[in-house]
Protein chains: 2
Amino acid sequence: MELAIIQSAINLSTSDEKIVQEIVHRMSQVPGCAVADYSSDIDHNRTVITLLGGAEGLARAVDELFQVALEKIDISRHHGEHPRMGAVDVVPFTPWGRETMEECIALARKVGEQVAKVYSLPVYLYGEAALIPEHRDLSHIRRGGYEQLLQDIHRVSDRQPDFGLARVHPSLGAVAIGARKQLVAFNVNLKTDKVMVAKQIAARIKGENGGLSYIKAIGVNLKSRGMVQVAMNLLDFTKSTVVQAYELVRIEARRYGVEVHGAEIIGLVPLECLVDIVGFYLSIPDLKVSQVLEYQLLEKNI
Amino acid sequence: MELAIIQSAINLSTSDEKIVQEIVHRMSQVPGCAVADYSSDIDHNRTVITLLGGAEGLARAVDELFQVALEKIDISRHHGEHPRMGAVDVVPFTPWGRETMEECIALARKVGEQVAKVYSLPVYLYGEAALIPEHRDLSHIRRGGYEQLLQDIHRVSDRQPDFGLARVHPSLGAVAIGARKQLVAFNVNLKTDKVMVAKQIAARIKGENGGLSYIKAIGVNLKSRGMVQVAMNLLDFTKSTVVQAYELVRIEARRYGVEVHGAEIIGLVPLECLVDIVGFYLSIPDLKVSQVLEYQLLEKNI
């Protein structure tokens, strides 16, 4: 594979279609950057936009994003089911192909410093780009959300931002910018309106409680759909797999006599992950990524 | 999509590793042609080699193939479970991206004429490249295999080859060369040694008997593995799907109290087909091909 690409699955605290369209449009104009996918969720009140490109293009696209967010998104008036601390909540950089994690770490730090200076908001470097161990884990940085951060930022030592002053921006809030490996965002929706069911299943399935080691999970109420959701991040889908996540949620739901309504993959998913899922459900133990036509076309120089 | 590529999933009547290696090696040397995948089956005594390339590269690679086959494969001494009529049994050409079916038809006819002349064997043009309606269907051309063709070639009108004399080549036999749309070769193995079970399921599942319209199926004995197989070609996986094929075979097998042992995809499979399978088993009705990272990298010019 000759390609060297950085992926950025940016999380925004809005599901307003017009704002999202404007952001996508402006990012699409940036040379060296492509908007690969975007999707919004009304209940989460959140949007994920996935960019692909080089370091320079991505840095410019993130700047475009902050320009629109500054004008249009006010985190202090934001309501939503998902934990968040900023209008632009998370900006991760992920290497692909010949691209390196080091490059992504450098990009996160460069963009973080720039954003803190231009937009005067606290920036936390997370994941592989973290400067202190307490900032490696995004859910730790974001604990208690925007509201908690307002109270803590002056007085809790590990809430000091890595760039910018320890003062939450009135409308942008704060942002986590980082570098991380490929992640799969996978949600399973359950046919019940009792959010406790999703919360309890999430608690049992996530790695830190003894569940699947590389899975983060939360329970979310999907009010607009009259359902609840186990929202998961698979931090290493080769070790804690989508099949394990789906089947365990389905089985745990039986405790409550609740059935799965459906599932979602948010943003992009690597081909390797799909091949593993197909191999499981069709009992093809040796199905290979190299058997996928599009993979061959990407890999081969004919 | 800017790419224009022809795919050729060539079927050979051998599973001899050394011969296959030599063929793959020689084809790999041809400029403008890449060997994307190959796999052999001892019970079928058959090998599928998938090439990707342009018309010129593929024509040269097929010539290399016939050179080795002429030296190393003798169809008159061939035994195997799968219907066949030649050492090089089938050479299909399939368009991808901006490539057209017309180009593939022209290539099939050019290669067919060339091969008939150089190697003195009967060539049947099949699929979209067929010159007469009776030759469109490969299984009709190949009915009764090599042995039947020996008897019929002089005296049955639709067994006249499209190129070459009506005389079966002593070691190469005959070959079908054609143009066709993307096909998925999908086999389901059953935990029984009774080949009649596979044959009866194949008979019920295939389109011509009232089963799934775009599926061809045969029952095959896998002696070396002590199992039997329903071997299928999905001629349009968007209409008769892999999920339908797998689940129907599994359910039909219940009549005999027989379970599925596993399945195989032979050669390449399009990404769209995998996405449909994942969408079914994980209940993700709107999963999109464009959500696959590798698809984005192939499509986007960043």
Nearest-0.05 FRET efficiency for A:Glu56 and A:Glu147, computed from C-beta distance (R0 41 Å): 0.70
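Are there any GluC sites (Glu not before Pro) in the stretch B:2-66 that are in a DSSP loop and have at most 15 other Cβ atoms within 10 Å? List them by number. Don't skip to the end; give the middle numbers.
Values: sites: B:Glu2, B:Glu17, B:Glu22, B:Glu56, B:Glu64; in loops: B:Glu2.
Listed in order of number, the matching sites are B:Glu2.
Restricting to the stretch A:184-269, what percent of DSSP beta bridges are antiparallel, rounded to 5?
Numbers: 21 of 22 bridges.
Beta bridges within the stretch A:184-269, antiparallel portion: roughly 95 percent.
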For B:Leu3, inter-copy label distances in nm, listed shortest first [label point 7 Å out on the Cα-Cβ vector]: 1.0
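Which whole-number percent gives the relative contact order of the stretch A:184-269, counting Cα pairs below 8 Å spaced six or more residues apart? Intermediate values should be presented prior to the final figure.
On the way: 182 pairs, mean separation 35.3, N = 86.
Once divided by the residue count of the stretch A:184-269, the mean separation gives 41 percent.
Classify the stretch B:4-179: rounded, prolate or oblate, from the alpha-carbon gyration tensor (a ≥ b ≥ c, eigenvalue square roots; a/c under 1.5 rounded; otherwise prolate if a/b is larger than b/c)? Intermediate results must be reported in sequence, preceding the final value.
Working: a/c = 1.68, a/b = 1.15, b/c = 1.47.
Because a/c hits 1.5 or more and a/b fails to exceed b/c, the stretch B:4-179 counts as oblate.
Quick check: from the Cα gyration tensor, does the stretch B:151-269 come out rounded (a/c under 1.5), prolate or oblate?
Cα axes put the stretch B:151-269 in the prolate bin.
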For label points placed 7 Å from Cα toward Cβ, what is the shortest-first list of nm distances from B:Ile132 to its copies? 8.5
Counting Lys +1, Arg +1, Asp -1, Glu -1, what net charge surrounds A:Ser290 among other residues with beta carbon under 13 Å of its beta carbon? -4
Relative contact order (percent) for the stretch B:76-183, with alpha-carbon contacts under 8 angstrom and 6 or more residues of separation? 43 percent
Could you work out how far apart the two model spin labels at B:Arg98 and B:Lys110 are, taking each label as a point 7 Å from the Cα in the direction of the beta carbon, and quote it in nm? 1.8 nm
With 29 Å as the limit, write out which pairs from A:Lys288/B:Lys300; A:Lys239/B:Lys223; A:Lys117/A:Lys239 have Cα-Cα distances beyond it, or answer none. A:Lys239/B:Lys223; A:Lys117/A:Lys239
Please give, to one decimal in nm, the separation of the simple spin-label points placed at B:Glu299 and A:Ala4, each 7 Å out from Cα toward the Cβ. 2.6 nm
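What does the charge add up to near B:Glu252, with Lys and Arg as +1, Asp and Glu as -1, over the other residues with Cβ less than 13 Å from its Cβ? It would help to have the intermediate numbers written out before the result.
On the way: positive: B:Lys199, B:Arg204, B:Lys206, B:Arg250, B:Arg254, B:Arg255; negative: B:Glu247, B:Glu259.
Result for the local shell: +4.
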Averaged over its residues, how many other protein chain Cβ atoms are within 10 Å of peptide A:258-264's Cβ atoms? 3
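Rounded to the nearest 0.05, what FRET efficiency do B:Lys181 and A:Ala166 give with R0 = 56 Å and r taken as the Cβ-Cβ distance? Could you check? Show your work: numbers first, answer last.
Details: r = 62 Å, r/R0 = 1.11.
With a Förster radius of 56 Å, E is 0.35.
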Counting only the backbone N, which residues of the stretch A:57-94 are under 11 Å from the spot 7 Å out from the Cα of A:His154 toward its beta-carbon? none
Taking the label point as lying 7 angstrom from Cα along the Cα-to-Cβ axis, what are the distances from A:Gly257 to the corresponding position in the remaining copies, in ascending order and in nanometres? 3.6
Would you mind working out the magnitude of the charge dipole of the stretch B:184-269 relative to its Cα centre, with +1 at each Lys and Arg C-beta and -1 at each Asp and Glu C-beta, to the nearest 20 Debye? 240 debye
Distance in nm between pseudo-label sites at B:Leu131 and B:Asp74 (7 Å out along the Cβ direction from Cα): 3.2 nm
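Given a cut-off of under 8 Å on Cα pairs at least six residues apart, what relative contact order in percent is computed for chain B? Present the calculation step by step, with values, prior to reporting the outcome.
Values: 646 pairs, mean separation 49.3, N = 302.
Contact order relative to length: 16 percent.
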I'd like the mean, over residues of B:283-289, of how many other protein chain beta carbons sit within 10 Å of each residue's own Cβ. 5
Pick from B:Ile105, B:Ile218, B:Ile132: which is most flexible by mean-square fluctuation in a GNM of chain B where alpha carbon atoms under 10 Å apart are linked? B:Ile132
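How much of the DSSP beta bridge set in the stretch A:65-186 is antiparallel, as a percent to the nearest 5? If you can, show how the numbers build up before the last one.
Numbers: 3 of 12 bridges.
In the stretch A:65-186, approximately 25 percent of DSSP beta bridges are antiparallel ones.
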For A:286-299, B:148-161, ranked highest to lowest by mean beta-carbon neighbours within 10 Å, the order is A:286-299, B:148-161
Which one of A:Ile265, A:Ile177, A:Ile75 has the biggest mean-square fluctuation once chain A is modelled by GNM with Cα springs under 10 Å? A:Ile265
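Of the chymotrypsin sites (Phe, Trp or Tyr not before Pro) in the stretch A:114-175, which ones lie in a loop per DSSP and count no more than 10 other C-beta atoms within 10 Å?
Details: sites: A:Tyr119, A:Tyr124, A:Tyr126, A:Tyr146, A:Phe163; in loops: none.
In loop regions of the stretch A:114-175 (DSSP not H, G, I, E or B), there are no sparsely surrounded chymotrypsin sites (Phe, Trp or Tyr not before Pro).
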As an exercise, identify the trypsin sites (Lys or Arg not before Pro) in the stretch A:17-124 lying in DSSP coil whose Cβ has no more than 16 other Cβ atoms within 10 Å. A:Arg98
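The numbers here are math on the coordinates, done by the rules we state, and not lab data. Quantities reported herein were computed from a predicted structural model and do not represent experimental measurements. Every residue, glycine among them, receives a Cβ derived from its backbone with ideal geometry; neighbour counts consider all protein chains shown.
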